[in-house]
Every structure is written in structure tokens, then in C-alpha cells.
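Notes for the one structure printed next.
The values are calculated or read from the model by the stated rules, or taken from the named source; none is laboratory data. Small disclaimer: the values here were computed from a predicted structure and weren't measured. So basically every Cβ, Gly included, is an ideal-geometry build from the backbone, and we count neighbours across all protein chains shown. Accessible surface areas use protein heavy atoms only, side chains included; no ligands, DNA or RNA. Shrake-Rupley method; radii C 1.70, N 1.55, O 1.52, S 1.80 Å.
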Amino acid sequence: MKRTEITALHEMSVEELRSKLAELESELGKSKVENVVGKLKNTASLTLLRKEIARIKTIVREKELGL
């Protein structure tokens with residue numbers, strides 16, 4: 001993820017971040033199923049999705065704490 005994309009995440013509201021988080025979590029679930037079935041070609045995308053989800057959860061928590 002590029003630095004500009006990370007900065008854009010910090011500028012989003014908590015509600016927007018939570019909706020993006022729900023979208024990414026559903027995408028991760030679908031990708032996991034595709035991986036088990038054998039249809040997923042880029043398995044590195046699972047790692048990238050997990051990292052992006054963690055990044056968004058961290059930003060949401062920072063905003064909740066007022067950091």
C-alpha cells in the first residue's frame with residue numbers, strides 16, 4: 001500500500017473506515033474460499049488483505065482513543 005493511500009485512510013471518518021473494513025473482510029472470506037478450492041491465482045493477496053484490515057483497525061482504534 002502506498003503512502004498516499006495510507007494518508008487517505010487517516011483522513012477518512014470512522015464510519016467510512018468501518019464500511020471499508022467490512023468490505024475488505026468479506027473480500028478476504030471469499031478469497032480464502034477460492035484458495036481452498038484452488039481457484040485463487042495470487043495467494044499473496046491474502047496477506048495483503050490481512051495487512052490492510054489490520055491497518056484500518058489500527059486507524060479506527062487511534063481515532064477512538066483520540067490519538
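Here are the numbers for the structure shown:
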| item | result |
| --- | --- |
| Test: residue in region 21-34 that is surrounded by 10 or more Cβ atoms within 10 Å (Cβ to Cβ), within 26 Å of LEU65 (Cβ to Cβ) and charged (D, E, K, R) | yes |
| Residue pairs meeting the criteria (Cβ under 8 Å; at least 6 apart or on separate chains; first without any contact (Cβ under 8 Å) to a residue 24 or more places away in the chain, in region 46-64; second assigned to a helix (DSSP H, G or I) and open to solvent by less than 70 Å² (accessible area, probe 1.4 Å)) | LEU46/LEU28; LEU46/SER31; LEU46/ASN35; ARG50/LEU28 |
| Of all residues in region 2-32 being farther than 17 Å from ALA54 by Cβ and among the acidic types (Asp, Glu), the one that is modelled with the lowest pLDDT | GLU11 |
| Qualifying positions in region 35-48 - part of a helix (DSSP H, G or I), under 21 Å from MET1 (Cα atoms) and open to solvent by less than 90 Å² (accessible area, probe 1.4 Å) | ALA44, SER45, LEU46, THR47 |
